[in-house]
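Peer 1: One structure, as structure tokens, below. Some questions next.
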Amino acid sequence: MVISTYISSGILLSSLVGISLFRRLSRKAKKPEHLYIEALHCLIRDDKHNAISLLREVVKKDSDHVDAYLLLGNTIRDEFPEQAVKIHQSLTVRPGLSKTMIVEIHKSLAEDYHTLNKIDLAKRECEKILKLERRNKWAVDLLLILSETERDWKKAEHWSRLLKKINRKRSSSDPEKYHIHLGEDKLNSRDLSGAESEFKNAVKINPDSPYPYFYLGKIDMENGKKEAALHQWKQYVTLTPNPKLGIYKEIEGLLFELNRYSEIEGLYRKIVEKYPQNKEAMVRMANHLIEKGDRDKAQTFLEQLKEESLTKNLLKHKISLPEQTDVSVVSGVDSLIKSSLELDQ
């Protein structure tokens, strides 16, 4: 019985060794191109380990297989970016490569450096691509990303405009946003004049972008130009459904100070008609009418709004309270309305 077991174990071991040897010999017998195709299949199956092993065999057998070197570097980039750089850099001195292959090598190097956060080197590789292909979308895309990473807004705008020309349509990175970022940076460094210029440039590019008006209003306020600030902020709140917190209070204060408070009703009505989801404007409009004693008008205003919400129902309840209702009760309803604004958003 023991002898039989040993014989069986020996046969099994011999079989496994034989299979392993057969696979090794089989792989060695395969041509580099077949191994390369196998590596591609491994990558499709997300089997990076075997893909790397196969690609290394390819380049051992055929040192002129540039595609295999390129793919090997790309495959190991995430774990060994420095090694990827060495592999891809070695390809740049190969003679007789096509322009398409040279572009692919520089793309890989740009990705390697980007992974290593060596931004200047990544940009250098992209610029080499653009010398070979002036309108290479891939290179411009990456240069745009790198410029935004470095907060180099002038360069970012340049690449955004070029991308728009390449795509022959409006790019997803709208150029006005770079003037807004530049303006914010200048505002933070107290360069009010420079900031104002950038925000005005953003308005010229896209008059429907709300944020330049917000910042222009801030600058006008700092310069003591209250009428101008009011104009800018009114523009701002009519161009965005979600304005910055506290802006309505600022506008109301200015209108009151400039003896133009009667305009507030028309402003809130315009905002609510344009943005029914803007619950804060709805609350301020209703409260304004209640404070004026126009409860019927406030009720009509709410009834005209098709969108239902907890905030709207609480406002209706507030309107229904008798005028002699204790202040603490009204204050409690106002607290519920304030909380409901957060829930409705």
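The values are calculated or read from the model by the stated rules, or taken from the named source; none is laboratory data. Quick caveat: nothing in here was measured; it's all calculated off a predicted structure. For neighbour counting, all protein chains shown are included, and Cβ atoms are generated from backbone atoms with ideal geometry for every residue, glycine included.
Peer 1: Mind checking which residues of region 109-148 are polar (S, T, N, Q) and either modelled with pLDDT under 95 or under 24 Å from LYS86 (Cα atoms) (or both)? If you could, list the steps in order and put the result at the bottom.
Peer 2: Here is the first cut: in region 109-148, the ones polar (S, T, N, Q) are 115, 117, 136, 147.
The answer is THR115, ASN117.
Peer 1: Still on this structure: Any residue at all in region 325-334 that's at pLDDT 90 or above and touching a helix residue (DSSP H, G or I) at 6+ places or on another chain (Cβ under 6 Å)?
Peer 2: No: region 325-334 contains no residue that is at pLDDT 90 or above and touching a helix residue (DSSP H, G or I) at 6+ places or on another chain (Cβ under 6 Å).
Peer 1: Under 50 Å from the mean Cα position of the chain (by Cα), modelled with pLDDT of 70 or more, more than 18 Å from ALA84 (Cα to Cα) and of a type in the set (Asp, Glu): does that describe GLU57?
Peer 2: Spelling it out, it is not the case that GLU57 is under 50 Å from the mean Cα position of the chain (by Cα), modelled with pLDDT of 70 or more, more than 18 Å from ALA84 (Cα to Cα) and of a type in the set (Asp, Glu).
Peer 1: Tell me, which residue of region 192-232 that is β-branched (Val, Ile, Thr) and under 24 Å from the mean Cα position of the chain (by Cα) is surrounded by the fewest Cβ atoms within 10 Å (Cβ to Cβ)? First the steps, then the outcome.
Peer 2: As a first pass, look at region 192-232 and keep what is β-branched (Val, Ile, Thr): 203, 205, 219.
Then keep just the ones that are under 24 Å from the mean Cα position of the chain (by Cα); that gives 203, 205.
Working: VAL203: 19, ILE205: 16.
My answer is ILE205.
Peer 1: Of the numbered conditions (1) over 35 Å from the mean Cα position of the chain (by Cα); (2) of a type in the set (Gly, Ala, Ser); (3) modelled with pLDDT of 95 or more, SER63 fails exactly one; give the number of that condition.
Peer 2: SER63 satisfies all of (1) over 35 Å from the mean Cα position of the chain (by Cα); (2) of a type in the set (Gly, Ala, Ser); (3) modelled with pLDDT of 95 or more except (3).
Peer 1: Six or more apart or on different chains, Cβ under 8 Å: which pairs go from a residue in region 180-209 that's closer than 18 Å to MET221 by Cα to one that's in a helix (DSSP H, G or I) and basic (Lys, Arg)? Could you list them?
Peer 2: LEU187/LYS218; LEU192/LYS186; GLY194/LYS186; ALA195/LYS186; GLU198/LYS186
Peer 1: Continuing with the same structure: Name the helices (runs of 4 or more DSSP H) wholly inside region 84-170 in which the number of residues that are closer than 30 Å to ILE52 by Cα and of a type in the set (Gly, Ala, Ser) is 2 or more. Quick ask: steps written out before the conclusion?
Peer 2: Values: elements: 99-115, 119-132, 137-149, 153-167.
Counting at least 2 such residues, we get 99-115.
Peer 1: Take the conditions among the aliphatic types (A, V, I, L, M) and either free of Cβ contacts under 8 Å to residues at least 24 places away in the same chain or surrounded by 15 or more Cβ atoms within 10 Å (Cβ to Cβ) (or both) and apply them to LEU116. Does it pass? Don't jump to the end; show me each part of the working.
Peer 2: Numbers: among the aliphatic types (A, V, I, L, M): yes; either free of Cβ contacts under 8 Å to residues at least 24 places away in the same chain or surrounded by 15 or more Cβ atoms within 10 Å (Cβ to Cβ) (or both): yes.
Yes; evaluated as a whole, the condition is true for this residue.
Peer 1: Mind checking whether some residue in region 32-41 is under 50 Å from the mean Cα position of the chain (by Cα) and modelled with pLDDT under 85? Write out each step before concluding.
Peer 2: Within region 32-41, the subset under 50 Å from the mean Cα position of the chain (by Cα) is 32-41.
With the extra rule that they be modelled with pLDDT under 85, the set shrinks to 32.
Yes, the conditions are met somewhere in region 32-41.
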